[in-house]
Structure formats: C-alpha cells, structure tokens
1. Suppose every Lys and Arg Cβ carries +1 and every Asp and Glu Cβ carries -1, with no other charges. What dipole size does the stretch 1-84 come out with about its Cα centre, to the nearest 20 debye?
2. Report, in deg cm²/dmol and to the nearest 500, the calculated mean residue ellipticity at 222 nm for the chain, where each DSSP H run with n ≥ 4 adds -39500 (n - 2.57) and the sum is divided by the residue count.
3. Please report the antiparallel percentage of the DSSP beta bridges confined to the chain, to the nearest 5.
4. What percent does the relative contact order of the stretch 4-150 come to when contacts are Cα pairs within less than 8 Å and at least six residues apart?
5. Quick one: Cα centre-to-centre distance for the stretch 89-153 and the stretch 4-30, in angstrom?
6. What dipole magnitude, in Debye to the nearest 20, does the chain give about its Cα centre under +1 on Lys/Arg Cβ and -1 on Asp/Glu Cβ?
7. Given R₀ = 30 Å, FRET efficiency for S110-I8 by Cβ-Cβ distance, to 0.05?
8. Between E148 and S71, what is the label-point separation in nm under the 7 Å Cα-to-beta-carbon projection?
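The values are calculated or read from the model by the stated rules, or taken from the named source; none is laboratory data. Everything numeric here is computed off the predicted structure, so don't read it as measured data. Positions of Cβ are generated from backbone atoms using ideal geometry, with glycine treated the same way; all protein chains shown enter the neighbour counts. The area values use the complete protein model at the heavy-atom level, side chains included, leaving out ligands, DNA and RNA. Shrake-Rupley method; radii C 1.70, N 1.55, O 1.52, S 1.80 Å.
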Amino acid sequence: MNIKFSHIDILVNDLESACSYYAKTLGAEISKKFTWERDELHVTYAVVKIGQERFMLVEPFSGNLKNLLDSKGEGTIYRHCYSTPDIEAAFDELISNGVQPEDENGKPLSRESLNSPSGVRIIWLPKRFGEFSIEILEEEGLQQFIKEAFSEK
C-alpha cells in the first residue's frame, strides 16, 4: 500500500489551553480551530505544526473519544494518521486483504462514502489493539486542508 506518515491525534481537556502551551513552549504554529460532528461524535480540534512536523490536539465533547478521554486521560495518543495519493486504491486493497474500512464511529464504510466532515477523503482501519486506531487520508485533500488551516485566521 502506498502510504506515508502524516500525524498523530492527542486528546486534551481544553483545546485553547493546550494550543497556548505548545505555541508558548515550543514556538509551534497553531491552525484555526475546527469542529467535527457526525452521529454521536462531537469534537473540536486544531493542527499544531513545529517545523515540518505536526500533530492534532482533539477536545472531545461526546462519543467514543469523550469516553476514551474520561477513562485514559489527557495526553492519550489514540491515532496514527497516514496519507495516500489514491484513497480508492487504498480502500480496494484493504477490502482485498479482508479488512473492512470504517468511519470515525466504527461503522462499516463504503467506497462511495469516503468523505469526512472536513471534506478530506478518509478511511479508518478497524481497531485491533485497544482504542488505538489508524486513519488514512487522501494526500491531495489533506494538503489542501493543512494549507487552509494555516491561512489567515
């Protein structure tokens, strides 16, 4: 599969406080803040960029990520994120390997339903090891999202 590492997602109790900490402590650039709501999942998040490296801080309000924050605590790294130039090819390869891609709520995802609320085409692998998950985003959409996230706030 043609994928490369993109970022990690980290749970926080207070997005504003966490963003301020990384900006002050490490001189990180902080993106605009975003909201993601679909089914029972509701979060706000921001991209933190230090040089070429980046990670996402996620403050959950409801759904599986809120449950994870409540049980595991702040600072939990719960997801590794990768990108691919062809999300449909990645989807097809996973299916041919016997893996059913999912949405962010753990429900089976169809090839026709690869869009996220942010507009980036995305798939998640089923969780196999506790609450840890892997997501794969389409590279072109991810780069456009990052560019817009750091445009004039």
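1. Working: 10 positive and 11 negative charges, 67 e Å.
So the magnitude is around 320 debye.
2. Numbers: 4 runs with 42 residues, N = 153.
Dividing the helical sum by the residues of the chain leaves -8000 deg cm²/dmol.
3. Numbers: 29 of 38 bridges.
Close to 75 percent.
4. 25 percent
5. Taking the Cα centre of each part, the stretch 89-153 and the stretch 4-30 sit 21 Å apart.
6. 380 debye
7. Working: r = 27 Å, r/R0 = 0.90.
That gives a FRET efficiency of 0.65.
8. Going from the S71 label point to the E148 one covers 3.4 nm.
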